[in-house]
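The block underneath contains the structure these notes are about, expressed in structure tokens.
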Amino acid sequence: MIIPVLLAGAGYSTAPDFVRHRQGVDMREGVSEEGIAQLIQAIESRRRRPS
């Protein structure tokens, strides 16, 4: 499981292909409760998917 987390100074344009083609969590404006909630939701939804 790969979930890109964009932090300050990061961008999809400079990321490798395998990262750019995945939905990530944008925390470039700082770590927030909303960003953490999005990350938890992404982890939990991927756990439920069959392999």
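The values are calculated or read from the model by the stated rules, or taken from the named source; none is laboratory data. No experiment lies behind these values; they were computed from the predicted model shown. Backbone-built Cβ (ideal geometry, glycine too); neighbour counts: all protein chains shown. Ligands, DNA and RNA are excluded from the accessible area calculation, which covers all protein heavy atoms including side chains. Shrake-Rupley method; radii C 1.70, N 1.55, O 1.52, S 1.80 Å.
In this entry, ARG20 passes the filter for residues that are exposed (fewer than 14 other Cβ atoms within 10 Å of the Cβ), modelled with pLDDT under 90 and in contact with a Phe, Trp or Tyr (Cβ under 7 Å, 6 or more places away or on another chain).
The combined condition, being part of a helix (DSSP H, G or I) and at pLDDT 80 or above, is fulfilled by GLY35. Taking into account only those residues within region 6-16 that are open to solvent by 60 Å² or more (accessible area, probe 1.4 Å) and in contact (Cβ under 8 Å) with a residue 12 or more places away in the chain, which is farthest from GLY30 (Cα to Cα)? Only one residue tops the list, namely TYR12.
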